[in-house]
1. Of the residues in segment 11-21, how many are surrounded by 11 or more Cβ atoms within 10 Å (Cβ to Cβ) and of a type in the set (D, E, K, R)?
2. Could you grab me the full set of residues in segment 22-33 that are surrounded by 14 or more Cβ atoms within 10 Å (Cβ to Cβ) and touching a Leu at 6+ places or on another chain (Cβ under 9 Å)?
3. Return the residues of segment 11-28 that are in contact with a helix residue (DSSP H, G or I) (Cβ under 9 Å, 6 or more places away or on another chain) and in contact (Cβ under 8 Å) with a residue 24 or more places away in the chain; say none if nothing qualifies.
4. Name the single residue that is surrounded by the most Cβ atoms within 10 Å (Cβ to Cβ) among those in segment 34-56 being not aliphatic (A, V, I, L, M) and not in a loop (DSSP other than H, G, I, E, B).
5. Does ILE65 satisfy being part of a helix (DSSP H, G or I), of a type in the set (A, V, I, L, M) and at pLDDT below 95?
6. Would you point out the residue of segment 60-86, among those that are buried (at least 17 other Cβ atoms within 10 Å of the Cβ) and among the polar types (S, T, N, Q), that is farthest from PHE37 (Cα to Cα)?
Amino acid sequence: MPRNPLWSRKLSRTLTLDDDTRVLTLQDAADAIQRDFAGTTKSGSLEATIKALMLAAQSGNRADITAATDQIERTLSVRHVLKREVDA
């Protein structure tokens with residue numbers, strides 16, 4: 001029997017948006033995606049991200065959370081809203 005989604009699960013790593021917002025949890029990521037893609041009706045990347053987020057929230061499996069984090073990062077990178085990491 002499937003578990004209820006738990007959106008407070010932490011991502012596999014912290015993502016930082018250009019406005020310095022830290023994306024720590026699946027809920028933070030869902031909120032960022034919803035904000036950035038408001039009005040978008042069709043996007044393969046968006047659909048893949050939503051699917052990955054839902055699976056990670058449902059399963060809680062570390063591999064699913066890592067896959068969702070990777071997908072979120074790719075999707076937000078395409079929109080140029082992730083802060084660039086600068087090598088020291």
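The values are calculated or read from the model by the stated rules, or taken from the named source; none is laboratory data. All values derive from a computational prediction rather than experimental measurement. So basically every Cβ, Gly included, is an ideal-geometry build from the backbone, and we count neighbours across all protein chains shown.
1. The total comes to 2.
2. VAL23, LEU24, THR25, LEU26, ASP28, ALA29, ALA30, ALA32, ILE33
3. Those that are in contact with a helix residue (DSSP H, G or I) (Cβ under 9 Å, 6 or more places away or on another chain) and in contact (Cβ under 8 Å) with a residue 24 or more places away in the chain: LEU11, SER12, ARG13, LEU15, LEU17, VAL23, LEU26.
4. Taking segment 34-56 first, the residues not aliphatic (A, V, I, L, M) are 34-37, 39-45, 47, 49, 51.
Add one more test, that the residue is not in a loop (DSSP other than H, G, I, E, B), and what stays is 34-36, 44-45, 47, 49, 51.
Details: GLN34: 10, ARG35: 11, ASP36: 16, GLY44: 8, SER45: 17, GLU47: 11, THR49: 22, LYS51: 12.
The extreme case among them is THR49.
5. No, not satisfied.
6. THR69
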